[in-house]
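Some notes on the structure that comes next.
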Amino acid sequence: MKILLLPFIIVYRVYFALVFFLVLLILCPIFWILLLREENFTRVFKLKVFTARIILFFDFVWLNRKFEQPDLGEGPYVICANHASYLDIILMYRILPRKRFLFIGKSELLKWPIINIFFKKVDIAVNREKRSSGMRAIIRARNELKNGWSIVIFPEGGIPVDTPILAPFKNGAFTLAIDSEIPILPITIIDNWKLFNVYPFLTGPARPGVSRVIIHKPIPTVGMNKKDLINLRQRTFDMINGPLLEDNAKN
């Protein structure tokens, strides 16, 4: 069956990439002008939300989200989500369109054309091979939290090969949340690994469809210290992993 679907999968993957880069290319001049001044960064975020809407619309991906706590409040939050697809980054702007946030991501994104504009100016790039880069990223993230920006971190540290099975979480997000006394906001993205899987590069699963997302109740960190890090990390892992295990059991 997969062999019969393979031509459609390849065509959709190419189409998805074309839509993504074409939309960014068209809007790039507006982004470039806005990024000249730091006070425009909130406008940049709103434009990113608009851009995500367009990309997902033309790629025929729809969002179905569920809030465990309807009123999240203003924030900010350290937002932790599972990472199974490049689609996760685009979708995040549709999941929380009114909660302005920045991504912490790999410095490799600086090598991508067009995308590197955002990570140079707005989001936070980290070179994990350089300790100094990690420290600078943490310092900036703490400052942005104080300025009211939420921080999105994929605590797996990358996209696991065997999605949707979660990779062990790294400590960075939880250290940041405890040190800043900012709540963790766990998010489970259930379907993106089916809609646009990274592996294999050209023949991995890819199709239009509905992306189901669960925004869990925030986990407060006020009063926590380093001794609470492992429990906080495990609690977040279990909250994110629960819906994935439940969905896999049905299939």
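Rule-based calculations on the coordinates, nothing more; no lab input. This is a predicted model, so every value here is computed, not measured. Ideal geometry is used to build each Cβ from the backbone, glycine not excepted, and the neighbour counts take in all protein chains shown.
What 222 nm value per residue comes from the helices of the chain, counting each DSSP H run with n ≥ 4 as -39,500 (n - 2.57) and dividing by all residues, nearest 500 deg cm²/dmol? Before the final figure, lay out the partial values.
Numbers: 8 runs with 118 residues, N = 251.
Using -39500 (n - 2.57) per qualifying helix, the result is -15500 deg cm²/dmol.
Over the range 143-249, what portion of Cα pair distances is larger than 20 Å, expressed as a whole percent? Roughly 45 percent, once rounded to a whole number. Once C-alpha pairs closer than 8 Å and six or more residues apart are averaged by separation and normalised to the residue number of the chain, the relative contact order reads 25 percent. The per residue volume of the convex hull around the alpha-carbon atoms of the chain is 127 Å³.
What the Cβ-Cβ distance of LEU6 and VAL49 gives, at R0 = 35 Å and to the nearest 0.05, is a FRET efficiency of 0.55.
Annotation: amide H-H contacts under 5 Å for VAL210 (H modelled 1.01 Å from N, sequence separation of 5 or more, or interchain): TRP62. Separation of the range 172-251 and the range 149-166, taken as the distance between their Cα centroids, equals 7 angstrom. The distance linking the range 62-99 with the range 3-44 is 19 Å (Cα centroid to Cα centroid, whole angstrom). In loop segments of the range 13-109 as defined by DSSP, the trypsin sites (Lys or Arg not before Pro) with at most 16 further C-beta atoms inside 10 Å of their C-beta are ARG37, ARG98.
Here the Karplus curve 6.51 cos²θ - 1.76 cosθ + 1.60, taken at θ = phi - 60°, turns the phi angles of the range 23-28 into couplings of 4, 5, 5, 5, 8, 3 Hz, with x standing for Gly and Pro.
Fully extended, how many nm does the chain gain between ASN231 and GLU181 (0.36 nm per residue separation, minus their Cα-Cα distance)? Walk me through the intermediate numbers first.
Values: separation 50, 0.36 × 50 = 18.00 nm, distance 1.54 nm.
Working it through step by step, the gained length comes to 16.5 nm.
Cα gyration tensor of the range 33-101, axes a ≥ b ≥ c as square roots of the eigenvalues: rounded (a/c below 1.5), prolate (a/b > b/c) or oblate? Oblate shape, in that a/c is at least 1.5 and b/c is the bigger or equal ratio. Ordered by the count of other Cβ atoms within 10 Å of each Cβ, fewest first, TYR199, TYR77, TYR12 give TYR199, TYR12, TYR77.
Length gained on full extension, GLU74 to THR42, computed as 0.36 nm times the residue gap minus the Cα-Cα distance: 10.0 nm.
Taking label points 7 Å from Cα along the Cα-to-Cβ direction, LEU202 and ASN248 give a separation of 2.9 nm. Each of LYS226, LYS170 was scored by other Cβ atoms within 10 Å of its Cβ. Arranged with the fewest first, they read LYS226, LYS170. Bridges between two residues of the chain, per DSSP, are antiparallel at a rate of about 20%.
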